1. Please work out if Leu72 is in contact (Cβ under 8 Å) with a residue 60 or more places away in the chain and surrounded by fewer than 18 Cβ atoms within 10 Å (Cβ to Cβ).
2. I'd like to know if region 42-50 contains one or more residues that are open to solvent by 10 Å² or more (accessible area, probe 1.4 Å) and touching a Phe, Trp or Tyr at 6+ places or on another chain (Cβ under 9 Å).
3. Could you please find all residues in region 40-65 being of a type in the set (S, T, N, Q) and in contact (Cβ under 8 Å) with a residue 60 or more places away in the chain?
4. Residue under question is Lys116, and the condition is that it be of a type outside the set (A, V, I, L, M) and either crowded, with 21+ Cβ neighbours inside 10 Å or in a helix (DSSP H, G or I) (or both); does it hold?
5. Looking at region 166-175, which of the residues that are open to solvent by 10 Å² or more (accessible area, probe 1.4 Å) and in contact (Cβ under 8 Å) with a residue 60 or more places away in the chain is farthest from the chain's Cα centre (by Cα)?
6. Mind checking whether some residue in region 144-152 is closer than 30 Å to Gly198 by Cβ and open to solvent by less than 10 Å² (accessible area, probe 1.4 Å)?
7. Filter region 180-199 for residues that are of a type in the set (Gly, Ala, Ser) and open to solvent by less than 30 Å² (accessible area, probe 1.4 Å) and give the result.
Amino acid sequence: MPPNLDHEQAVTAPVAGVDEVGRGPWAGPVVACAVILDSKAIPAGLDDSKNLSAARRESLAAELLAKAEVGLGQVEAADIDRMNILAASMLAMERAVAALPRRPAHALVDGNRAPKLSCPVTTVIKGDGRSVSIAAASIVAKVTRDRLMAELASAHPGYGWERNAGYGTAEHRAGLNSRGVTEHHRRSFKPIAALLNGP
């Protein structure tokens, strides 16, 4: 069953869907997005970003940026190491909502933990597959982060970030073994910490 408007219609408008991407990678920022959809211009085919091809995500992200109100927030690797990935994810979502053109009356947040926002929050487990607003946020967040990682890959070749988005693939591990750790790696994550600390 595709995402629908049930959650949006159950709360006071304007409603922001909020999601983040990038909790698991070994490198790069965690990125969050908040989206307030225009009820008269909701793009067709919104779904959990993981269910869409890269080309379809790009197309929908462009449509959302043109037709919806979008806010983005991110937290870099050094701050992830300082505060931990859960706190960093919450902060990225707070920054995304703060970056919206207007304050939402309610926020629908993917998952079971609520960031500290200036409006009421409803958490929705697996929300990117249930709420169109959260699905929209998941798409823009994913496209934004993939682009950021591709940019970082051009400055730091050899890790395959343009393909693996910083996740722990064999290519990424091979790059670490041959090239070492960059400033964009999350040093608190076990594989990176193990490499830095040695046998």
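The values are calculated or read from the model by the stated rules, or taken from the named source; none is laboratory data. From a predicted model like this one, the values you see are computed outputs, not experimental measurements. So basically every Cβ, Gly included, is an ideal-geometry build from the backbone, and we count neighbours across all protein chains shown. Protein only, heavy atoms only, side chains kept; ligands, DNA and RNA dropped before computing areas. Shrake-Rupley method; radii C 1.70, N 1.55, O 1.52, S 1.80 Å.
1. So Leu72 fails the test.
2. No, there is no match, as no residue in region 42-50 is open to solvent by 10 Å² or more (accessible area, probe 1.4 Å) and touching a Phe, Trp or Tyr at 6+ places or on another chain (Cβ under 9 Å).
3. Correct list: Ser49, Asn51.
4. For Lys116, the condition - of a type outside the set (A, V, I, L, M) and either crowded, with 21+ Cβ neighbours inside 10 Å or in a helix (DSSP H, G or I) (or both) - is not met.
5. Ranking the qualifying residues of region 166-175, first place goes to Gly168.
6. yes
7. Hits for region 180-199 are Gly180, Ala193.
Here's the yes/no breakdown for (1) closer than 30 Å to Thr12 by Cβ; (2) in contact with a Gly (Cβ under 9 Å, 6 or more places away or on another chain):
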{"residue": "Ala88", "(1), (2)": "yes, no"}
{"residue": "Leu108", "(1), (2)": "yes, yes"}
{"residue": "Asn112", "(1), (2)": "yes, no"}
{"residue": "Cys119", "(1), (2)": "yes, no"}
{"residue": "Thr123", "(1), (2)": "yes, yes"}
{"residue": "Val132", "(1), (2)": "yes, yes"}
{"residue": "Val143", "(1), (2)": "yes, no"}
{"residue": "Ala150", "(1), (2)": "no, no"}
{"residue": "Arg186", "(1), (2)": "no, yes"}
